[in-house]
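> Got a structure here, written out as structure tokens. Questions coming.
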Amino acid sequence: MSGPDKTIATLRSDLVPRLPSSAVTLFEAKKQKNLTFEAIAKKLGREEVACAALFYGQARASPEDIKNLSELLDIPQDRLESELSGWPDRGHTLDLPPKEPLIYRLFEIVQNYGYAYKAVLNEKFGDGIMSAITFSTKIEKETDEKGDWAVITLRGKWTNQVHEEIPYRVVFDQDRDA
């Protein structure tokens, strides 16, 4: 959705030094066109969060993404190919603990419920991890008599841990010369 009455996400200036140059290019064009991530994601055929991750340099753009972004945002395709080529450099946008209140609340959810999530996941799937690479996420809005609710879905491929018998010897400092 976009339009004059719709507030759109823009790039915070304090994040610019931590982000690739493509972030400034993409966010300036997004602002100029007054487009939401929802509208851009529809053009790309991606979820909104995956689309936003491209803008922050936290996901890799496909050649089709680059072509569609170029058309939608009126950015020369060769410029986007140049700025979006290479691998994402993930994780540099965030201080720990986060200072931004909404991001802090997400961090707090993992802090408070992390071991509960782990316990339930282990009971359901066994020993393993949920992938953040083979992963998708989406955000939905629900409304009921109590107000608006944010629904965040995290969907990651489960990978079982493989435990092999690996012989090893623990060496303590005092044993090194023995």
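The values are calculated or read from the model by the stated rules, or taken from the named source; none is laboratory data. Only a predicted model underlies this, so the values are computations on that prediction, with no experimental measurement involved. Reconstructed Cβ throughout: ideal geometry from the backbone, glycine too, with neighbour counts over all protein chains shown. Side chains included, ligands, DNA and RNA excluded: accessible areas come from the protein's heavy atoms. Shrake-Rupley method; radii C 1.70, N 1.55, O 1.52, S 1.80 Å.
> Any chance segment 139-152 includes a residue that's in contact (Cβ under 8 Å) with a residue 12 or more places away in the chain, in contact with a Leu (Cβ under 9 Å, 6 or more places away or on another chain), farther than 16 Å from Leu26 by Cβ and open to solvent by 80 Å² or more (accessible area, probe 1.4 Å)? Lay out the reasoning, then the answer.
Looking only at segment 139-152, we keep the residues that are in contact (Cβ under 8 Å) with a residue 12 or more places away in the chain, and these are 139-140, 151-152.
Filter once more, keeping what is in contact with a Leu (Cβ under 9 Å, 6 or more places away or on another chain): 152.
The next check asks that each one be farther than 16 Å from Leu26 by Cβ; those that pass are 152.
Now narrow it down to the ones that are open to solvent by 80 Å² or more (accessible area, probe 1.4 Å): 152.
The answer is yes, given that some residue of segment 139-152 is in contact (Cβ under 8 Å) with a residue 12 or more places away in the chain, in contact with a Leu (Cβ under 9 Å, 6 or more places away or on another chain), farther than 16 Å from Leu26 by Cβ and open to solvent by 80 Å² or more (accessible area, probe 1.4 Å).
> Which of the residues that make up segment 74-107 are among the acidic types (Asp, Glu) and surrounded by 13 or more Cβ atoms within 10 Å (Cβ to Cβ)? Even if it seems obvious, please write down each step before you answer.
Going through segment 74-107, the residues among the acidic types (Asp, Glu) turn out to be 74, 78, 81, 83, 89, 95, 100.
Selection gives Glu81, Glu83, Glu100.
> Which number in (1) surrounded by 11 or more Cβ atoms within 10 Å (Cβ to Cβ); (2) at pLDDT below 90 marks the one condition that Ala116 misses?
(1)
> Which pairs do you get when a residue that is hydroxyl-bearing (Ser, Thr, Tyr), found in segment 107-136, comes within reach of a residue that is open to solvent by 80 Å² or more (accessible area, probe 1.4 Å), reach meaning Cβ atoms under 7 angstrom, with the pair 6+ apart or on two chains?
Pairs that qualify, where the first residue is hydroxyl-bearing (Ser, Thr, Tyr) and the partner is open to solvent by 80 Å² or more (accessible area, probe 1.4 Å), are Ser131/Lys157; Thr134/Lys157; Ser136/Glu47; Ser136/Arg155.
> Tally the residues that are over 22 Å from the mean Cα position of the chain (by Cα), open to solvent by 60 Å² or more (accessible area, probe 1.4 Å) and among the hydrophobic types (A, V, I, L, M, F, W, C), restricting the search to segment 119-138.
Keep residues of segment 119-138 that are over 22 Å from the mean Cα position of the chain (by Cα), which gives 119-120, 122-127.
Retained after the next criterion (residues that are open to solvent by 60 Å² or more (accessible area, probe 1.4 Å)): 120, 123-125, 127.
If we keep only those that are among the hydrophobic types (A, V, I, L, M, F, W, C) as well, we get 120, 125.
Total satisfying the criteria: 2.
> Out of (1) closer than 23 Å to Ala59 by Cβ; (2) among the aliphatic types (A, V, I, L, M); (3) at pLDDT below 95, what's the single condition that is false for Val162?
Every condition holds for Val162 apart from (1).
> Moving on to the next point. Out of segment 74-97, which residues are in a helix (DSSP H, G or I) and over 19 Å from Leu19 (Cα atoms)?
Just the residues of segment 74-97 that are in a helix (DSSP H, G or I), to begin with: 77-84.
Matches in segment 74-97: Gln77, Asp78.
> Of all residues in segment 99-145, which are polar (S, T, N, Q) and in a helix (DSSP H, G or I)? First the steps, then the outcome.
We begin by selecting, within segment 99-145, every residue polar (S, T, N, Q); these are 111-112, 122, 131, 134, 136-137, 143.
Once the filter is applied, which keeps residues that are polar (S, T, N, Q) and in a helix (DSSP H, G or I), segment 99-145 yields Gln111, Asn112, Asn122.
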